[in-house]
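First up is the structure itself, then whatever we jot down about it.
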Amino acid sequence: MALLVIFIALISAWYFGLAAFTAGLCVTHWALLGFVLGPLAYPLFTTHRHLALRKIRCSEEGILNS
């Protein structure tokens, strides 16, 4: 049972690290959260990814409108 938990934690850390890299977020932060929280970190990750994307879009719109 403990081996299964460790395996899921490692897979989650790898997945969130890769997803954070493709989204442009801090890889070590999300890999660590993926290891600690496992799949429970997915809603938190998607929220942060959308907020980061919205922040970039708003800053670009402000630059283009000036």
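Cβ contacts < 8 Å: first residue open to solvent by less than 20 Å² (accessible area, probe 1.4 Å), restricted to segment 10-21; second residue outside any helix (DSSP H, G or I) and not charged (D, E, K, R), any location; separation 6+ or different chain. Result?
20/26
Of all residues in segment 43-58, which are touching a helix residue (DSSP H, G or I) at 6+ places or on another chain (Cβ under 8 Å) and either small (Gly, Ala, Ser) or closer than 18 Å to residue 8 by Cα (or both)?
If the condition is that a residue be touching a helix residue (DSSP H, G or I) at 6+ places or on another chain (Cβ under 8 Å) and either small (Gly, Ala, Ser) or closer than 18 Å to residue 8 by Cα (or both), then 44, 45, 52 are the ones that fit.
The values are calculated or read from the model by the stated rules, or taken from the named source; none is laboratory data. Source: prediction; values computed, not measured. All Cβ positions, even for glycine, are placed from backbone atoms using ideal geometry, and neighbour counts span all protein chains on display. Remember, those area values only see protein heavy atoms, side chains included, never the ligands or the DNA or RNA. Shrake-Rupley method; radii C 1.70, N 1.55, O 1.52, S 1.80 Å.
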